[in-house]
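Working notes for the structure below.
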Amino acid sequence: MRGSLLAFSFFFLASTFATKVSLLKTFKIDSTTAKEVVVTGSLKEMRKDELAIPIQIYDAAFFQRQNISNLQDAMRMISGIQSNIDGSLDGAGDIEINGQEGVYTLVLLDGVPVSGGNATVYGMSGIPLSLIERIEVMQGPSSTVYGSDAVAGVINVITKNVENAHKLSVEGTLNSYLESMAELSFKVNAGKLQGLFTFSNFNQPQAWDLNNDKYLDVPLQNRFTFFSKWTMRNRFQKPSNVWFRYANDRRDGGESDFSAKYRGSDYIYGESIRMNRYEAVGNFALPFANENVSLITSFTAQDLNSFYGTKAFVSNEQNAQVQLIYDKKIARISDLMVGVAYRFYRFNDNQPGTFDTTDGANKDKAFISHSPAVFLQDMIHVNAQNEILAGIRVEYNTANKGYAICPRFDYKWMSVNKASSIRLGLGSGFRSPNLFADDRIGYTQGKKMEFADDLKNELAYGIHLHYELKKPVNNQRIRFEARTFFNAIVNKIEAELEEDNETVLFSNDSTHVLYFGIQTSFEARFSIPLYLRVAATFQQSHLLLKTAHETSFEQQINAPALNANFDFGYDNEAKGILLSLNGVVNSPMYLNVQDNDSRAAVSPWFCIMNVLLEKRFKMGLSVSVGANNILNFVPKNIFLRPNDPFNYTADNPVTNPEGHRFDSSYTYSPMKGAYGFISLKYILR
């Protein structure tokens, strides 16, 4: 199996380059990229070709071909991005760009941050794909416009345009794991207002232990999401948008006979999550006839009530943000953007780190930070072939009383016929300290979390070189892209368990991160109704460890040297038939193991492959059937000390000489084996 996957990977890469030249001359190509519009990197709609920053765009149809229902799973199908599973039992996860931890990825919903804190761990699966029009990805340090957490890159989820939305959409999906998804979306008109309502429910009621390890393969789960978006235009016909989202997530994982009635008990081990999340966002075009001024306001709140065995973790957090942006075109050569921003963050939980014990008191004390910022970015159109983008951001954070200064510089050259372009960029990013980290030991085992007195912001610097070729054929075209990058993270914050075994200390250690690689992609649609898209990322990610006596390199965990995806098939729009074979290939990666761990320290080669057949009828009805993970790959031996999840005998030197504790954070791939599905969808246009 490993040999066949290795051969497939080399064939996959070779085909990306070798077929490029022949396809330019042989096939008629259909273009879906001629009028691509992006907002990421510029905070306004503009043609992708005009922006000096390389942006990847993935429309909703790309993810629908994989029968994917939420954002967390969707990211797994993008080259260079890992949708990592942090908790095998509760389904906790994060989104990692180029092998970097999830806290370094900033996830936006219509330009507004929805990641960070608890949302990074549990909130991403609560964004159903039915809301999404497209996803834009900007890789590399990008804090100049977006502020904290844009260290490894930015993922901007663009929701459906209300003015272009369908009048009615109803969809239902059922798979052989008995997971069901039901979605309803409809549009309303109320005078000058246009509104879109979406209701989504995901349900997994069945306990499965197909690998017979005495633990649930997937958590029992019920997730409900409500989304409403409204659009209006002022007297100058400038659009403003307001949207609201509510998500409720209930999930229970653990031993195979665990259910909600054992929540918090020491009878059967389980990890039980109850989450409520609220979001309200407004993006307003202010009523100036000849000036472009916009005001963005947002408020998000998330309440979490969880048990990890008998350990209770109860938290609530709030984010509020205000941003005022002035955009001015000067003498037809300069697009100047100036902005001021303020962000408020509050986090509180039931752990010792948010209690004030001064003078013997034991008072609740929330973690609060304020982050005012000012930023400037200018796009200078030197001529039709050359463009320069430069910007800078200065932000202050009260949590560690630290400043972050983030400059950016990008240059774009485009050929006269606009068939090819080269982009060179230098970016920077930062991450401010956050009491809630994705280090699970802090909140799953009830540890006290503290900041070091001299804690500094994490800083990131990166450089990339990007090449793009688009070849028009009969007003249509193919696309080939290649990108090389080199990035570094300094002042890395590490969470270390202190000698008292009760305190987790966040401090800047002497560790730096260096990661670099090459990305390539090729996509085309042939004159016969066949299409092809292949992409691959070759990367190396290392921790640079410095001590007083030596400097050493250590491989980053969960960072495969090769991450590739493919999607090819038959799409006959006239007959309404789609057949897709798609998937992702990962090379071996280092895993999160402990000293003298019985589990493998390196994962095997693996491929998650899916197939889908869809029939679209003229009356708006479509039927899809297929199978996911048809190679039936499932990680093995993922738990440490599975026979003692409550750690009753963990301190016994005879039975546990290494002092190991139960661990469920090892998983590197979904635990669902091969499964079939059927989906019905009706659209009233």
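Side notes on the structure shown:
- Criterion applied to 307, 299 was being in a strand (DSSP E or B) and open to solvent by 60 Å² or more (accessible area, probe 1.4 Å), and the one residue passing it is 299.
- Filtered by the rule that a residue be open to solvent by 30 Å² or more (accessible area, probe 1.4 Å), part of a loop (DSSP other than H, G, I, E, B) and either touching a Pro at 6+ places or on another chain (Cβ under 7 Å) or modelled with pLDDT of 95 or more (or both), segment 663-678 gives a lone residue, 674.
- Qualifying position, being part of a strand (DSSP E or B) and under 14 Å from the mean Cα position of the chain (by Cα), among 106, 196, 184: 106
- Selection count, segment 632-661, where residues are closer than 22 Å to residue 589 by Cα, open to solvent by 20 Å² or more (accessible area, probe 1.4 Å) and of a type in the set (A, V, I, L, M, F, W, C): 2
- Verdict on residue 562 being open to solvent by 20 Å² or more (accessible area, probe 1.4 Å) and under 25 Å from the mean Cα position of the chain (by Cα): no
- Residue match in segment 253-260 (condition: part of a loop (DSSP other than H, G, I, E, B), in contact with a Phe, Trp or Tyr (Cβ under 6 Å, 6 or more places away or on another chain), open to solvent by 50 Å² or more (accessible area, probe 1.4 Å) and not aromatic (Phe, Trp, Tyr)): no
So that you can scan it fast, the table gives a plain yes or no per residue for (1) at pLDDT 90 or above; (2) open to solvent by less than 20 Å² (accessible area, probe 1.4 Å); (3) among the small types (Gly, Ala, Ser):
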site	(1), (2), (3)
66	no, yes, no
88	no, yes, yes
134	yes, no, no
152	yes, yes, yes
159	yes, yes, no
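- When residue 581 is tested against (1) over 25 Å from the mean Cα position of the chain (by Cα); (2) open to solvent by 20 Å² or more (accessible area, probe 1.4 Å); (3) farther than 27 Å from residue 151 by Cα; (4) not basic (Lys, Arg), just one condition goes unmet, and that condition is (1).
- Here residue 616 fulfils each of the conditions (1) more than 29 Å from the chain's Cα centre (by Cα); (2) closer than 27 Å to residue 668 by Cα; (3) surrounded by 15 or more Cβ atoms within 10 Å (Cβ to Cβ); (4) not small (Gly, Ala, Ser) apart from (2).
Table: residues versus (1) closer than 16 Å to residue 114 by Cα; (2) open to solvent by less than 60 Å² (accessible area, probe 1.4 Å); (3) modelled with pLDDT under 95.
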| residue | (1), (2), (3) |
| --- | --- |
| 268 | no, yes, no |
| 288 | no, no, yes |
| 292 | no, no, yes |
| 303 | yes, no, yes |
| 313 | no, yes, yes |
| 319 | yes, yes, yes |
| 325 | no, yes, no |
| 332 | no, no, yes |
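- Residues in segment 204-243 that are in a strand (DSSP E or B) and of a type outside the set (A, V, I, L, M): 18 in all.
- Screening residue 399 with (1) surrounded by 15 or more Cβ atoms within 10 Å (Cβ to Cβ); (2) part of a strand (DSSP E or B) gives one miss only, at (2).
- Complete set of residues in segment 540-555 that are closer than 20 Å to residue 602 by Cβ and surrounded by fewer than 21 Cβ atoms within 10 Å (Cβ to Cβ): 540, 542, 543, 545, 552, 553, 554, 555
The values are calculated or read from the model by the stated rules, or taken from the named source; none is laboratory data. Just so it is clear, the structure is predicted and the values come from calculations on it, not from any experiment. A quick note on method: Cβ atoms are made from the backbone with ideal geometry, for glycine too, and the neighbour counts reach across all protein chains shown. Ligands, DNA and RNA are stripped out before the accessible areas are found, and what is left, the full protein with its side chains, is counted by its heavy atoms. Shrake-Rupley method; radii C 1.70, N 1.55, O 1.52, S 1.80 Å.
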